[in-house]
Amino acid sequence: MKQATLRVFRGDSNSGQTVDYRVPVAPGMVVLDALHYIQGHLAPDLAVRWNCKAGKCGSCSAEVNGRPRLTCKTRMDDLPQDQPITVLPMKSFPRIKDLVTDVSWNYRVNRKIPPFQPREGVEWKISQLDVDRVQEFRKCIECFLCQNVCHVLREHDKKEQFAGPRFFVRVAGLEMHPLDGLSRAGLLKDQLGLGYCNITKCCTEVCPEEIHITDNAIIPLKERVVDEFYDPLTKLFRKMRGV
Amino acid sequence: MTANYETREHDVLIIGAGGAGLRAAIEALAQGASVGVVCKSLLGKAHTVMAEGGIAAAMANVDAADSWKTHFRDTMRGGKLLNNWRMAQLHAQESPDRVRELEQWGALFDRTESGDILQRAFGGHTFKRLCHVGDRTGLEMIRTLQDRGVQQGIDVYMECTSTRLLTDNGRVAGAFAYWRENGRFIVFKAKSIVIATGGIGKAWRVTSNSWEYTGDGMALAYEAGAELMDMEFVQFHPTGMVWPPGVQGILVTEAVRGEGGILRNKAGERFMEKYDPKRMELSTRDVVARSIYTEVKKGRGTEHGGAYLDISHKPAEYVKKKLPSMYHQFKELADVDITKGPMEVGPTCHYVMGGIRVDAETAQSTVPGLFAAGEAAAGLHGANRLGGNSLSDLLVFGRRAGLAAAQHAKRSSTPSVDNAQIEQAEKELLAPFSNSGTESPYAVHRDLQEVMQNLVGIFRTDEDLKKALAELAKLKSRAAKLSVEGSRLFNPGWHLSYDLKAMLIVSEAVTHSALARTESRGAHSRIDHPSVDPVWEKKHNVIIRESGGMSRRELPIEPMPEELKQILAAESD
């Protein structure tokens, strides 16, 4: 059987280094299979998060050969096997152990977002077109790869000021829900730090669900914030009404 | 001595954060209880997230003739009459309201022309009944529930594993758990506990289940004195992926057949014509799984030992829209474009109909204060579950469990936790670090999966099942000599050591029950007893812990009220 070398980060929050493991490569094998092989045969305490192993739960995110990926969807035969395949934890989150990072910050950000609130007296009739329009945002599996690559978080660590692409996608899914009656524009501007995003589209590139995060979620939300807070006519109108 | 654990207190503690656990939490909170939810993974990663096909509810949006009565009848017939009829009735009556509620909390489903929730056909359902959103219904459901729960104020303990229920004079008093991240201990005090931990599929080699489905909730309940019922009924989903090897067992949604997918063997024959000419591909899961298995055994399987499932006769755009995740799954993992050619599929261990025996109205087990809902509980599905009845089960009985657990907590005084039980739980959990043993938990797990796969699979015999019991006894003694490397910091080998104990308990319960039931019914097929036995139609197998070990008894089924008998016997309403 063919063999490959996996160069995997081993360590905790303080220190660590990569360690090489030789694994047999079966047809169709994915990187997560290789990590399971290492756990089962070579390093039983190798820490890896995973659940569905089918690209549906978003648990097994890591950086494979420098690229943020779901390891369950990264085929070994798509990677050059004449050199070691490096597998590192997501860089933007504090390390716990090996490939497992502390992603709890994301769950704290999510708490800030007011949930769906139906408009008063709404009739529960929706057209399929409206469902299709928001579907894209609602298929997010919370793998946090977009959070991991966003330079506002990765290079500048603005976790206190900036919610990150995942949560702009979530807000878009709520704001564009056909029956939702709440505006989250103020929240986007003041608490979620939408203005920090300078639309470099790194998030869109790594999304395993192929959500057009920048074009379809972030830019329309930026427009909403502009309409609500910076539009001269609206501003004038507000002034006149004293709000 | 200072305690080497932290302590938390809740009126209601819920173990498991899939659909049932979250729905229970929301309801208990609405009743004014303080609620803690403990889950082994991150929030939102439970198996509910993978549910694809839809939620069965007789809303009659597409087929106006549908009603709870037809749904009740379909469920009972699909379950080969072994279902708890009261649960089947409540489920059929309440699921439409549970779906509407989900919609009011923000879930979005696909729509009909007139703007109502769209419903699709599924195996064993007379009418188009499954509310869905493409093939990612479970994701929509779990996000809706998790956001609702979090906003309402549940406390979530993520990546935390419960290893023992604490009792106070026979009633529930709390749970002992550890944080997976750092291995530290935590003791929960609670007046009521809801087990919503899902299934047991990880005990088989070919399974659609993730690492979490080790039967740990059932094992916790069993050890606390609760009863496990109908454990012989394990559902093998007819369509899992078979190739390449790494993806073997991953689920291929029944929605493929619901949308018109056709099964064929190597020779191109549409073989369901032989096994169920009336319902064909949309026969019940037990029948389709056995049909595929039989075709393969008779040498008519595909190159990699499965059957062909073909949806490519439908327009490519339609397939991509209605089955988007299937399209991507096959394209990325198997290099197959399902809009152009067939998939290769075969049975995969998917679901257990059996579980903790509970009261139909309250979801309470035989242990006071201990409740169970969802896959961890027995009763609703009888000998075979219909597709789509699982998500509705989670909502209907999750809500009922949460309600009853909160009411029970209101009536109860604060129980006291027993230090001796805590110390014993600590000792047991840490044993693999100090054992002189040499057994690897991974190796024991692999061997367990082989035993269950080969001897307690789709078709069973007396000889195989007895052999399985002997093998399980050997595995148990090996499991007593586990040794783990490394520290308590996020250590999967150590985590598996406890999961293994739970898997061995439920595997033994399945095998004992399967050996006793000398008939074939629903998902339980005995080659040596190929027909239905009317005597066994009247009783359940119940597994209980006694001082000498696991013991089995038979529990007569309660007679069905006349009114339900008539509904069941009718051909339509």
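The values are calculated or read from the model by the stated rules, or taken from the named source; none is laboratory data. Please read all numbers here as calculations on a predicted model, not as lab measurements. Here the Cβ is made from the backbone with ideal geometry for all residues, glycine too, and neighbour counts use every protein chain on show. Accessible surface is based on the protein model in full, side chains and every heavy atom, while ligands, DNA and RNA are left aside. Shrake-Rupley method; radii C 1.70, N 1.55, O 1.52, S 1.80 Å.
Points worth noting:
- So B:Tyr293, is it of a type in the set (Phe, Trp, Tyr), in the same structural domain as B:Val256 (by TED's automatic domain parsing), touching a strand residue (DSSP E or B) at 6+ places or on another chain (Cβ under 7 Å) and buried (at least 17 other Cβ atoms within 10 Å of the Cβ): yes
- The condition of being within 27 Å of the chain's Cα centre (by Cα), among the basic types (Lys, Arg) and assigned to a strand (DSSP E or B) holds for only one of A:Arg7, A:Arg22, that being A:Arg7.
- Some residue of the range B:423-442 being of a type in the set (Val, Ile, Thr), at pLDDT below 95 and not in a helix (DSSP H, G or I): yes
- Among the residues making up the range B:347-360, a single one is touching a helix residue (DSSP H, G or I) at 6+ places or on another chain (Cβ under 6 Å) and either more than 30 Å from B:Ala401 (Cα to Cα) or among the hydroxyl-bearing types (Ser, Thr, Tyr) (or both): B:Pro347.
- When residues in the range A:130-151 are screened for being more than 9 Å from chain B (Cβ to nearest Cβ) and surrounded by fewer than 22 Cβ atoms within 10 Å (Cβ to Cβ), 3 of them pass.
- Filter result for B:Ala468 (without any contact (Cβ under 8 Å) to a residue 60 or more places away in the chain, crowded, with 18+ Cβ neighbours inside 10 Å and either within 30 Å of B:Glu519 (Cα to Cα) or not aromatic (Phe, Trp, Tyr) (or both)): yes
- Qualifying position, being under 20 Å from A:Phe93 (Cα atoms) and open to solvent by 10 Å² or more (accessible area, probe 1.4 Å), among A:Glu123, A:Glu223, A:Glu155: A:Glu155
- For the range A:36-68, the tally of residues that are of a type in the set (D, E, K, R) and crowded, with 24+ Cβ neighbours inside 10 Å stands at 3.
- If the condition is being touching a residue at least 24 places away in the same chain (Cβ under 8 Å), more than 11 Å from every other protein chain (Cβ to nearest Cβ) and more than 22 Å from B:Met218 (Cβ to Cβ), then the range B:146-181 contributes B:Ile154, B:Asp155.
- So B:Leu380, is it of a type in the set (A, V, I, L, M, F, W, C), buried (at least 18 other Cβ atoms within 10 Å of the Cβ) and in a helix (DSSP H, G or I): no
- Count of the range A:30-54 residues, restricted to those that are modelled with pLDDT of 95 or more, of a type outside the set (Phe, Trp, Tyr) and assigned to a loop (DSSP other than H, G, I, E, B), is 9.
Listed here are the residues, each with its yes/no results for (1) out of contact with any helix residue (DSSP H, G or I) (no Cβ under 8 Å at 6 or more places or on another chain); (2) farther than 17 Å from B:Ala196 by Cα; (3) touching a residue at least 12 places away in the same chain (Cβ under 8 Å).
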{"position": "B:Gly32", "(1), (2), (3)": "no, yes, yes"}
{"position": "B:Ser41", "(1), (2), (3)": "yes, no, yes"}
{"position": "B:Ala56", "(1), (2), (3)": "no, yes, yes"}
{"position": "B:Asp63", "(1), (2), (3)": "yes, yes, yes"}
{"position": "B:Asn83", "(1), (2), (3)": "no, yes, yes"}
{"position": "B:Val99", "(1), (2), (3)": "no, yes, yes"}
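- Sole exception among (1) within 27 Å of B:Val49 (Cβ to Cβ); (2) within 19 Å of the chain's Cα centre (by Cα); (3) surrounded by fewer than 16 Cβ atoms within 10 Å (Cβ to Cβ) for A:Thr71, by number: (3)
- In the set (1) polar (S, T, N, Q); (2) modelled with pLDDT of 95 or more; (3) in contact with a helix residue (DSSP H, G or I) (Cβ under 7 Å, 6 or more places away or on another chain), B:Ser483 fails one condition alone, (2).
- In the range B:399-430, the residues that are over 22 Å from B:Gly170 (Cβ atoms) and open to solvent by 30 Å² or more (accessible area, probe 1.4 Å): B:Arg399, B:Arg400, B:Leu403, B:Lys427, B:Leu430
- Where B:Gly138 falls short, out of the listed (1) within 14 Å of another protein chain (Cβ to nearest Cβ); (2) under 20 Å from the mean Cα position of the chain (by Cα); (3) at positive phi: (3)
- B:Ser325 vs. criteria at pLDDT 95 or above, assigned to a helix (DSSP H, G or I) and either open to solvent by 10 Å² or more (accessible area, probe 1.4 Å) or not basic (Lys, Arg) (or both): no
- Residue identified as within 20 Å of the chain's Cα centre (by Cα), at pLDDT 95 or above and among the hydrophobic types (A, V, I, L, M, F, W, C) among B:Leu130, B:Leu108, B:Leu102, B:Leu118: B:Leu130
- If you go through the range B:434-471 and keep only what is within 14 Å of chain A (Cβ to nearest Cβ), among the acidic types (Asp, Glu) and more than 24 Å from the chain's Cα centre (by Cα), you end up with just B:Glu439.
- Considering only residues in the range A:77-118 that are farther than 17 Å from A:Ala4 by Cβ and assigned to a strand (DSSP E or B), the one that is most open to solvent (accessible area, probe 1.4 Å) turns out to be A:Arg95.
- If you filter the range B:199-228 down to residues that are within 14 Å of another protein chain (Cβ to nearest Cβ) and among the hydrophobic types (A, V, I, L, M, F, W, C), you find that the one that is most open to solvent (accessible area, probe 1.4 Å) is B:Trp211.
- Residue within the range B:472-495 that is within 22 Å of the chain's Cα centre (by Cα) and touching a residue at least 40 places away in the same chain (Cβ under 8 Å) present: yes
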